[in-house]
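The values are calculated or read from the model by the stated rules, or taken from the named source; none is laboratory data. Just so it is clear, the structure is predicted and the values come from calculations on it, not from any experiment. Positions of Cβ are backbone-derived with ideal geometry, glycine not excepted, and every protein chain shown enters the neighbour counts. Side chains included, ligands, DNA and RNA excluded: accessible areas come from the protein's heavy atoms. Shrake-Rupley method; radii C 1.70, N 1.55, O 1.52, S 1.80 Å.
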Amino acid sequence: MNLILHIAKKDFRQSWGILVATLALFALTTWIMATPRQQRNMFVDVETVVLVAWMIATGMLWQREPLPGQRAYWFASPIPWQDLLQAKWLVVTVAIFLPILATHAVIVAANGLPVAPNLAALTWNAATIVALYILPVAVLAAITRNLQQLILWVLAIFAGGLLAMQAHQVSMETHAVANTVTNALNIVALVAILIWQYRTRSTRAGRIVVVALTAFLRTLPFWVPDPVWYALQRAISPQHPVRLTIDTNQVRGRTIPIAIEGLPPGQTAAITSFHNVEVTAVGDRTAEANLTTPPRAINDPWPREVTLRLPPDFARLHQSQPLDVSFLAEITIYDAPRAHSAAAGQTIEMPEYGRCRTWSDGYLRIECQSVLSSAYRIDGQWAAKDEPPKSPLVLRSPEDPSPLTARLFPITHWFGGSGGTSVYSGGRVFFSLRKPIAHVQRRIDLTSIRE
Amino acid sequence: MSNHVITTTNLGMRYGRHTVLNGLNLEVPKGSVYALVGSNGAGKTTTLQILMNLLRGHTGAATVLGVDSRKLTVNEYARIGYVSEGQEMPDAMTVAEFLAFWRPFYPTWDNAREQELLQLLRLPLDRKLKHLSRGMRMKAALISSLSYRPELIVLDEPFSGLDPLIRDEFIEGLLAHADESTILISSHDLAEIESFSSHVGLLEDGHMAFSEETTTLTNRFREIEVRAEIPALPPKLPSTWVRAETTAALVRFVETQWHPERTAQEIKEVFPTATDYQANAMPLRALFVALAKAARKAA
């Protein structure tokens, strides 16, 4: 342990400049994220800058004791590779992991949310960020000679990933399990490569393995057939009574309504994505029609129903044929009380945020002129029971006489998009299996009900 | 227990199709200052890197301090000092930080010896390594490798590119504080190592051309000048003579197995008209040049 601390201290002394700069950037990003959305649009790229700064700091840290070649000063010395590796992670923990954790905890606390019960989720969140962004850089730094090489490798891997994504028109969101499996495999493999490289310094083999692993994992969601992912999803997801149904009695003309059924009392649900809709006319003239659902405005509540509309020509040509309907949907289930739904649709004046509108998609959302905020429920308790220090929003529902006090806070996303994690949601975005995926495939005999 | 600190047996190494080491057998006696010499590209650095487990040989085996070189652990490395030409150093560290960093890793680190070496080699403690000249960096590496009294010191071309003054200081520092150590030093500059090496091995075409004590080596080589008027060299000469050539009244050759009586007898037999001969001791450099040229001619 003493040697680990000794190496880590040396690394801190040598890297304090880049580490301090990284921390400063991180603090700036946090501050920007806490400002109203409109004002931060111009700074949105700071997130990327922080990410790049973290990567550079990690690369420099790792390459203080490079592994490739035969000329590094520490070769043929009694530095145990295990101590060296642990020292590097100690620095990452202190300089990157703990600041993320602390910042998120501070934001949570500043917004009136209890930190202690959410500490595990916040820790998981910070660990996820380190595992997904810092670990790969550490591995690449361990198989490259210098920062220039490292940057080239990062860009190559990034470009390779983009190409793989471009080559397949499937939305990654439809593969929650694929993402989970891919990320889990990636992390395990990267840890193994890192340990192996420190143990053996087999740089050439390490590079080959990294390239092969990247190619394998980037394409894994695509070349594994969808039914495998769905089967896996069903196998590991908790049983849930919610299902998607097509009521053939409601099919009229070119429209096919699809609805959520079986929702337990007290819960709400929404179809949060609807993909890969294929309608196949079965018979002498088998033909397929690909459909898309109408675009949804960003702040519109997610629907509980989806209506498919067949293209007019398709419906006309195949009106006497049975149809196979296949689609992929994600249903998000919320356990928010009904009171939220009742509280939705109000327009209220907020001293700091101007005119705000409430709406509900399970969570009570409050959209103001300057900030989009949400009241979240954590562990069955409203986050802010106590009178908040400022800007309390008290909603009273006719169905629920007890007041619900919600604190406003900005929705903070790190690195946006599907890679985003919300500090308030516990950050299980990457490994979340909260969204049951329903892959519905059934045949509808439309011959009798078509006009 | 073997009296050799380093042994290699049929060590082989190749880069692609190019064979660098071809059945190398090397034995470095305990307490010796062993000079591994050879021309550039002869395989000296590769040999040392295999010994330090920085490279893996393709064939054969090597032991260092009685341990298979592929299984060297921190316990053995704590007893070895390794300094290499072109070693990448932690440039951001000062000399003082560099030495302070190493101290905890060596249980036998001797602060007094470190101070002595610092004084002897006159290194500025507060200067960053990246601001030091190449020679000064080598000195810093040497101090960090001698301060814990290693049993074995391995130096890979340590004098390459150093100016004479720094080279002398380096050698002085090495010899003054390596009394208990075995030293293996590779070099292609024979003049540098002749003064202090106790053993010498010539690496040629990936194998050891010879390996013996320096005094024995220099004792058995003589440059012979024979005064004799002969029209041409006889077609058959003793096998121990190399690089024989003749001028008007002088025959010159290198005797590789010098023995006063026997060599005199052979001269008498080959050159009956010889009136006189002179046997001159050879410096290592001249000796190796003669051998290298003879080898090329034979090839």
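Structure above, values below:
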| read-out | value |
| --- | --- |
| Mean separation of Cα contacts under 8 Å, 6 or more apart, over the residue count of chain B: relative contact order % | 20 percent |
| Of B:ILE166, B:GLY206, B:ILE185, farthest towards positive along the dipole that unit charges on Lys, Arg, Asp, Glu beta carbons give the stretch B:134-222 | B:ILE166 |
| Two-site label geometry, A:VAL20 and B:THR240: point separation in nm, points 7 Å out along Cα→Cβ | 7.3 nm |
| Cβ neighbours within 10 Å from other chains - mean over B:14-22 | 0 |
| Computed P(r) (all Cα pairs; chain B; 5 Å bins; percent) | 1, 5, 11, 14, 15, 13, 12, 9, 7, 5, 4, 2, 2, 1, 0 |
| Compactness index (Cα Rg / 2.2 N^0.38 Å), the stretch B:4-84 | 1.05 |
| Area projected by the alpha carbon convex hull of the stretch B:222-281, averaged over all directions, nm² | 3.6 nm² |
| Inter-label distance, nm, simple model (7 Å from Cα along the C-beta direction), A:TRP223/B:ARG127 | 5.7 nm |
| 10 Å Cβ neighbours from other chains, averaged over peptide A:5-14 | 3 |
| Most fluctuating residue given options B:ILE171, B:ILE185, B:ILE230, as computed from a GNM of chain B linking Cα atoms under 10 Å | B:ILE230 |
| Protein accessible surface hidden between A and B, which excludes ligands and nucleic acids, total in Å², probe 1.4 Å | 2100 Å² |
| Other-chain or far-sequence residues with amide H under 5 Å of B:THR19's (modelled H) | none |
| Test item: B:89-100 mean partner chain Cβ contacts at 10 Å | 3 |
| Acute angle (nearest 10 degrees) that the helix B:260-270 long axis makes with the longest principal axis of chain B, alpha-carbon atoms | 40 degrees |
| Highest-MSF residue in chain B out of B:PRO104, B:PRO164, B:PRO234 [GNM, Cα springs under 10 Å] | B:PRO234 |
| Counting DSSP beta bridges with both ends in chain B, the antiparallel % (nearest 5) | 65 percent |
| Per-selection metrics, the stretch B:145-299 (Cα): Rg and Dmax in Å | 19.3, 63 |
| Over the stretch B:222-281, relative contact order from alpha-carbon pairs under 8 Å, at least 6 apart, % | 50 percent |
| Extension reserve of the B:LYS293-B:ARG17 stretch, reckoned as 0.36 nm per residue once the Cα distance is removed | 96.8 nm |
| Computed [θ] at 222 nm, helices only, for chain B once each DSSP H run of length n ≥ 4 contributes -39500 (n - 2.57) | -9000 deg cm²/dmol |
| Taking N as its residue count, the alpha carbon Rg of the stretch B:178-229 over 2.2 N^0.38 Å | 1.47 |
| Folded to 0 to 90 degrees: helix B:284-298 orientation relative to chain B principal axis, Cα | 60 degrees |
| Sequence-distant residues sharing a close amide H with B:HIS58 (under 5 Å, placed H) | B:GLY12, B:MET13, B:ARG14 |
| Above-threshold pairs, the threshold being 24 Å between Cα atoms, out of B:LYS71/B:LYS139; B:LYS268/B:LYS293; B:LYS236/B:LYS268; A:LYS88/B:LYS44 | B:LYS71/B:LYS139; B:LYS268/B:LYS293; A:LYS88/B:LYS44 |
| Percent antiparallel among DSSP beta bridges (both partners in the stretch B:95-249, rounded to 5) | 55 percent |
